[in-house]
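Notes for the one structure printed next.
The values are calculated or read from the model by the stated rules, or taken from the named source; none is laboratory data. Every value quoted in this text rests on a predicted model; they were computed, and no experiment measured them. Positions of Cβ are backbone-derived with ideal geometry, glycine not excepted, and every protein chain shown enters the neighbour counts.
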Amino acid sequence: MNKTLEKIGELGIVPVVKIEKAEDALPLGRALMDGDLPIAEITFRTSAAEESIKVLNKELPDLLIGAGTVLTIEQVKRAVSAGAQFIVSPGFNPKVVDYCVENNILITPGLNNPTQIEMALERGIEVVKFFPAEASGGLPLLESMSAPYSGIKFIPTGGINLNNLTSYLSNQKVHACGGSWMVKDNLISSGNFEEITRLTQEAVAVMLGFEFAHLGINEEDEAKALDSANLLSHLFYLPLKEGTSSLFAGPAFEVIKNRYLGEHGHIAIATNDIHRAITYLKMKGISILPETAKEKEGKLKAVYLNQEVSGFAIHLLQK
């Protein structure tokens, strides 16, 4: 898959931005980056779009910038010249799409029916925009419409918000979601960029869904591990379950039979999407320990981070 498309999928959310004044572009871009979401789709719905893309491309090179609501080949040229790394259109205009394909310009055209999906597949397009998502029938339509097609993924946009974000992203055919709830027009025009950062962080938090899963306790040997697990089970009426390398007292306590990572043990954190979680933690300077990765049916299910908190290693788990 195209590198930019891969990045969009890793980030998971594409803020769809309408900017009336180009001078708002830079603080908007900084607000998104401060909110841990370094991507923006600047819509060509205003005269400030082209200049805004230029400013962001120059001042914030780590921000992935696309151009949205692109309706003509001329707009494609202007957007690419300004620095847009991907093009998004609300519908499927064959002339615009063909121009982009022929010139190796990444485009995710909008569609909401099987005929348009086949038009995209015929042109070798891997990811399309499902628009308007909720008004067209939402996730039920997407699931039934996409069922016959295995070689394409979707970016639902239109009516996406905090209430339905995770439902869409949990679908295997959904590559990412587009939305404007964290970058509303009035927030930009009023200069309320702190609120944009807050809403953006909130969106990322909801998407990743980090939750405490269990506490891992290191013991020196199997006998001491059994003693500790039995004590927890006895005190708190927790069911005891023994595994090869550890014992669980209820779902919240794992007692390790032989010392492993972490001075005292580990804290297991569950997440909605372990791959996206790794991407976002990497932006914070935290990497994984690849040798600790555990897979099930070819999919990553668990991995440790190269980070400890108060003597406890951190263990990511896929929900």
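Numerical summary
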quantity: Hits in region 162-185 (condition: surrounded by 17 or more Cβ atoms within 10 Å (Cβ to Cβ) and either polar (S, T, N, Q) or under 13 Å from the mean Cα position of the chain (by Cα) (or both)); calculated: 164, 165, 168, 169, 174, 175, 176, 177, 178, 179, 180
quantity: Filter result (of a type in the set (Lys, Arg) and under 25 Å from the mean Cα position of the chain (by Cα)) within region 18-53; calculated: 18, 30
quantity: Any hit, region 253-268, residues being among the aromatic types (Phe, Trp, Tyr), crowded, with 17+ Cβ neighbours inside 10 Å, at pLDDT 95 or above and in the same structural domain as residue 24 (by TED's automatic domain parsing); calculated: no
quantity: Unmet requirement for residue 223, which otherwise passes all of (1) surrounded by fewer than 16 Cβ atoms within 10 Å (Cβ to Cβ); (2) assigned by TED's automatic domain parsing to the domain that holds residue 179; calculated: (2)
quantity: Elements of type helices (runs of 4 or more DSSP H) in region 154-260, at least 1 residues being closer than 30 Å to residue 144 by Cα and touching a residue at least 12 places away in the same chain (Cβ under 8 Å); calculated: 165-169, 193-208
quantity: Count of residues meeting criterion [under 21 Å from the mean Cα position of the chain (by Cα) and charged (D, E, K, R)] in region 186-227; calculated: 4
